[in-house]
Amino acid sequence: MRLESSAAIRLPNQSARIMASVMRDADLPWTPLLSQAGIACSIIDEPNGVVSGAQECRLQEAFVQATRHMPGAWFRMGLRYRLMAYGPLGLAVLTAGTFGAGLRLLMSFTALTYSLMQYELVESAGELIAIAADDMQVPPGYREFSQERALGAVTQILNDMHPSLFPVSRIETVLDAGNGRHECEAVLGIPVDFGAPVTRWIFKPGVAGAPLPLASPLLEEGYGKLCARLVDEARVSDEIVSRVYALLVRSPPQFSGVGQASRMLGLSERTLYRKLAAHGLTFHRMVEHVREQRATDLLHNTRVSIEAVAQALGFAETASFSRAFKRWKGISPLEFRGRAPR
C-alpha cells in the first residue's frame, strides 16, 4: 500500500481490530486512537467493516506512539495477522496452484495489504529463494514498527499458505535484537539474523513448486478478479461511492442492506441516500450492478451450473435469477453463456 494511493484504497478492518485488541489487552485506552484516525468505533465492531488506507496509516501512527514503551509488542502483534484477514486477497492466495504462484499473486496486489513496506521476490538461477522487504516508503517515525511487525506477520502469513510446509528456513532483519526482539527466534522456531543489510525471509529449497492444500483454479480466478476490481475502485473520484462499491464487492451472497451498509460506513441512511443521489445513484442500483458483474464473470469464465450461479449471487430460486439477468442483459443466462466467446 503506497501513501499516495492510501486515501482511495479500501481495506478490511482486521488490522484496526488487531491494534484495538492489543490496546485492550494492555489496559490502554484505544478509542482516542480511533478518533485520531477518523475511524468510528462502530466500524471496529463490524466483522466485515472497511477503512480507508489513509485511516489505516493514521491509526498505525497513533498506535506506534501509544505502544512504543512495550518491548516486543509489535512483533507479538504481527503474529495476530492471518492470511484470511486480507479478504478476497487472502482467498485468492490460498486457492493458487502452488506456493510460488500464491506469492506472485500476493505481490500483484500489495495495495490491498496493511503495510507500507514494499516487498519483492528474490530469485536465483530460476529458483525462488526469498522475499525481501524495503521500508523506504515508510515514514521514518514508524519504520521500526513496520519492520518489527513484519517479523511476525509475514512469517505467519507464509505459514498460513501451507501450514505443514513451514517454508521459511531463516530470517534476516535490519533491526537489532533490542526492545524485546530477542524472543523472535524462540517463538518462530527458526534462526533470526539481526543487523542484516536487508530484511529477507529465506525459503527452504524447492518450496515454490509445492502444491497448496486449497488449490482451485476456478476460485483463484474469481477471487483474483475481485482483487483487481477493488484496486480499480480506488480510482473512483467520490469517496462514499468508492466505499459503497468496496463494501458490496466484499459482501457474501446475501448483499448488505442499506441499513447495515450505512452503519458500517459510519453514516445515517439519509446521508448515504443523499450522497449517492448526488451522483445519480441509488443503493439498490449499485447492488444490482455488482450482482450483474458477478453473474457475467461466472457465466463467461466458469462452467458452474446456472443454479450454482444463482445461489452464489444470493437468489433463493433460479427462476428469480433468470428474470433478473434478462432484465440486465435482455437475454437469459443460458443464452448469454452460449454467446460467450470461446
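The values are calculated or read from the model by the stated rules, or taken from the named source; none is laboratory data. Worth saying up front: this structure is predicted, and the values here are computed from it rather than measured. Methodologically, a virtual Cβ is constructed for each residue, glycine included, from the backbone with ideal geometry; neighbour enumeration extends over all protein chains shown.
Listed values, structure above:
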read-out	value
Candidates Val309, Val304, filtered to the one that is crowded, with 16+ Cβ neighbours inside 10 Å and not assigned by TED's automatic domain parsing to the domain that holds Ser35	Val309
Matching residues, the stretch 45-101, being touching a helix residue (DSSP H, G or I) at 6+ places or on another chain (Cβ under 7 Å) and basic (Lys, Arg)	Arg58, Arg76, Arg80, Arg82
Single unsatisfied condition, Ala130 versus (1) touching a helix residue (DSSP H, G or I) at 6+ places or on another chain (Cβ under 6 Å); (2) of a type in the set (A, V, I, L, M); (3) in contact (Cβ under 8 Å) with a residue 24 or more places away in the chain	(1)
Residue ranges of helices (runs of 4 or more DSSP H) in the stretch 79-165 with at least 3 members crowded, with 17+ Cβ neighbours inside 10 Å and not assigned by TED's automatic domain parsing to the domain that holds Gly209	none
Test set (1) in contact with a helix residue (DSSP H, G or I) (Cβ under 7 Å, 6 or more places away or on another chain); (2) in a helix (DSSP H, G or I); (3) more than 20 Å from Val154 (Cα to Cα) - Leu28 fails condition number	(2)
Verdict on Asn179 being at positive phi and either modelled with pLDDT of 85 or more or not polar (S, T, N, Q) (or both)	yes
Residue identified as farther than 22 Å from Tyr273 by Cα, part of a loop (DSSP other than H, G, I, E, B) and at pLDDT 85 or above among Pro253, Pro205	Pro205
